[in-house]
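Only one structure is covered here, and it is reproduced in the block below.
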Amino acid sequence: MMDTNRRGFLQAGAALASGVFIRQSQAQPASDRRYNIVYVHSHDSGRYLRPYGHNVPTPNLARLARQGTLFRNMHTAAPTCSPSRAALLTGQSPHQAGMLGLAHLGWSLHDYNQHIVHTLRDHGYVTVLAGIQHVAKDPTVIGYDEILPHATISAKDVAPAAVKFIRSKPDKPFFLDVGFFETHREFPEPVDNPDYILPPSPLPDVPATRRDMAGFHASARIMDKGVGEVLDALEAAGVAENTLVISTTDHGIAFPNMKCNLRDTGTGISLIMRGPGVFSKPQVNDSLLSNIDVFPTICDYLGIEHPQWLTGKSFLPVVAGASKEVNDAVFSEVTYHAAYEPKRSVRTARWKYIRHFDDRQTVVLPNCDDGYSKTYWMDKGWKSLPSVTHEELFDLVFDPNEQNNLASNSEPKTVATLEKLRSRLNNWMRETNDPLLKGPVSLVANGHVVPQDADSPKGLGKYVPKVLR
């Protein structure tokens, strides 16, 4: 049964629905709160979007943010594609779900019945996929009721497919999963003058990085246009007022020291939610959250029981104003991406602790996508630069860019913090049965991986190793 506290904050949240974005008389669906859900997600966008203060051309996401809740401190449970999506869609850490690497390279969920579509179907939803999903090599194994046809996974083709479904006006509440390839590399040709574009913060401001970021801007334009088409279709079909829109991405942008990196440049992701009730009030939320918290939040928002496997926490209380925080720490992980790179992290409001589980001291280059920025760093000696240490500790108040590693600092308060976070990470790994506790994680049967010493993720198809590399 639903406990008293949960029922209390659901009732408190419903009271916030009046007068903002949705007229109160239209904000009441059937008494069971079976709102439609549109989950629209991009690839490799991080928070480099207009609603987060960056001059990236995403006006439709800005429009959505002005109508709902913008989460500014949301983190992915894994800054790599399939594990991140698995975390959100199963409500648990990637290693608990079984997604220790990329789906198209051999990894899969332990149990696809833990995917959110099955929970929603059990409560009367029709579930539909349009575009990329990246938690299964074959999307038919996931269990969607319908997979929409489209020529490519670009927003140019996916958005019209989603729009067509919305215009069909389904007679049942629906969960529509809309996945865009953008802003993944390769980027399209820039449409803006690179001379007037600022590259991302981990990189120097030089012509190569500006040119690279101009390509990202061009990709973001395509993605945002698709978002706008979906939002407009909801309005035109008359269902926007009874639909929860969830907009997010999987991890940081595909630039050096961002994607596949456990610093905030890799784990920090966008999340915007707009819908009836608590998500109808324009607001910004700074609570420390993980994307494993989305699934339980949806459950509480709809008033349905949590599946027993969920380990995330509902953040409905912080949206409703009943609590300031639901997490005192969030965790993130990388095991496999294009190459093996075992590492884990714990982040609190002030501190970030990262541990690497091998002895490597240089960057794993295959886990950084190729591009102008990577080439620039490679030309300056990035490959041989000793840039990885076994443990990293960062004070996020005085070092928000995580450049000053305090793990070897002998100041007593810093030592105490390091020991506390080291213990916190160990406990979490034990509680979640992290396979790294038993040593190096073997590659899944018939999986693909690039050697750690390769320069690029390209050529994955030729590597089918029999042993861990």
Whole-Å distance, taken between Cα centres, linking the stretch 317-345 and the stretch 57-89: 13 Å
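Mind checking the full-extension length gain between residue 438 and residue 309? Use 0.36 nm per residue of separation minus the Cα-Cα distance, one decimal, nm. Let's see the in-between values first.
Numbers: separation 129, 0.36 × 129 = 46.44 nm, distance 2.25 nm.
Stretched out fully, the residue 438 to residue 309 stretch lengthens by 44.2 nm.
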From the phi angles alone, apply the Karplus equation (6.51, -1.76, 1.60; θ = phi - 60°) to the stretch 255-268 and give each ³J(HN,Hα) in whole Hz, x where the residue is Gly or Pro. 10, x, 6, 10, 3, 6, 10, 8, 6, 4, 5, x, 8, x
Please give the length that would be gained between residue 390 and residue 72 if that part of the chain were fully extended, namely 0.36 nm times their separation in residues minus their C-alpha to C-alpha distance (nm, one decimal). 111.6 nm
Which of 169/259; 137/383; 137/374; 137/324; 164/313; 137/352 have a Cα-Cα distance over 30 Å? 169/259; 137/383; 137/324; 164/313; 137/352
Under 10 Å from the Cβ of residue 421, count the other residues' Cβ atoms, weight Lys and Arg +1, Asp and Glu -1, and hand me the total. +4
Please give the Cα centre distance for the stretch 267-309 versus the stretch 132-202, rounded to the nearest Å. 21 Å
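Check every DSSP H run in the chain and write down those whose alpha carbon atoms cover 24 angstrom or more along the long axis and whose mean Kyte-Doolittle hydropathy is -1.0 or greater.
Numbers: long enough: 207-236 (43 Å, -0.15); 412-431 (28 Å, -1.03).
Length and hydropathy pass: 207-236.
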Using unit Cβ charges (K, R positive; D, E negative) and no other charged atoms, how large, in debye to the nearest 20, is the dipole of the chain about its Cα centre? 360 debye
Which one of 298, 287, 345 is farthest out on the positive end of the charge dipole of the stretch 243-379, using unit charges on Cβ (Lys, Arg +1; Asp, Glu -1) and the Cα centre as origin? 287
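Assuming R0 = 35 Å, can you tell me the calculated FRET efficiency for the pair residue 409 and residue 118, based on Cβ-Cβ distance, to the nearest 0.05? Before the final figure, lay out the partial values.
Working: r = 48 Å, r/R0 = 1.36.
Working from the Cβ atoms, E equals 0.15.
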Residue-level accessible surface for residue 229, protein heavy atoms, 1.4 Å, Å²: 60 Å²
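For the chain, give me the percentage of DSSP beta bridges that are antiparallel, rounded to the nearest 5 percent. Mind showing how you got there, number by number?
Working: 25 of 50 bridges.
If we restrict to bridges inside the chain, about 50 percent are antiparallel.
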Student exercise, the stretch 316-392 dipole from Lys, Arg, Asp, Glu Cβ charges, in Debye to nearest 20: 200 debye
Amide H contacts of residue 127 (H built 1.01 Å from N, under 5 Å, at least 5 apart or other chain): 145, 146, 175
Select one label from [x] 38, 24, 20; [y] 38, 28, 19; [z] 34, 25, 22: the one whose number is semi-axes √(5λ) of the Cα gyration tensor in Å as derived from the coordinates shown. [z]
Using helices alone, what [θ] at 222 nm do you get for the chain, with -39,500 (n - 2.57) per DSSP H run of 4 or more residues, divided over all residues and rounded to the nearest 500? -8500 deg cm²/dmol
Set Lys and Arg Cβ to +1 and Asp and Glu Cβ to -1, take the dipole of the chain about its Cα centre, and tell me which of 237, 277, 183 lies farthest positive. 277
Hz values of 3J(HN,Hα) by residue in the stretch 281-291 - Karplus curve (6.51, -1.76, 1.60), Gly and Pro given as x: 9, x, 7, 10, 10, 9, 5, 6, 9, 10, 6
Could you check the spin-label model distance between residue 359 and residue 167? Points 7 Å from the Cα along Cα→Cβ, value in nm. 6.3 nm
Along the charge dipole of the chain, pointing to its positive end and built from +1/-1 on Cβ of Lys, Arg, Asp and Glu, which listed residue (151, 260, 248) has its Cα farthest out? 248
Just how large is the dipole of the stretch 216-368 about the Cα centre, in debye to the nearest 20, putting +1 at every Lys and Arg Cβ and -1 at every Asp and Glu Cβ? 560 debye
Highest mean first, what order results for 310-322, 288-300 on Cβ atoms within 10 Å? 288-300, 310-322
At R0 = 25 Å, how high is the FRET efficiency between residue 325 and residue 423 if r is their beta carbon distance? Nearest 0.05 is fine. 0.75
List the aspartates and glutamates whose Cα sits under 18 Å from the Cα of residue 413, skipping any in the same chain fewer than 8 residues away. 391, 392, 395, 399
Amide H partners (placed H, <5 Å) of residue 283, local residues excluded: 68, 69, 70
Step through the residues of the stretch 319-327 one at a time and calculate ³J(HN,Hα) from phi using the Karplus curve (6.51 cos²θ - 1.76 cosθ + 1.60, θ = phi - 60°), rounding each to whole Hz and writing x for Gly and Pro. 6, 6, x, 7, 7, 8, 9, 10, 10
Simple spin-label estimate for residue 380 and residue 416 in nanometres, 7 Å along Cα-Cβ: 3.9 nm
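The values are calculated or read from the model by the stated rules, or taken from the named source; none is laboratory data. Predicted model only: the values in this text are computed from it and were never measured. Neighbour counts run over all protein chains shown; Cβ positions are idealised from the backbone, glycine included. In case anyone asks, the SASA skips ligands and DNA or RNA and just uses the protein heavy atoms, side chains included. Shrake-Rupley method; radii C 1.70, N 1.55, O 1.52, S 1.80 Å.
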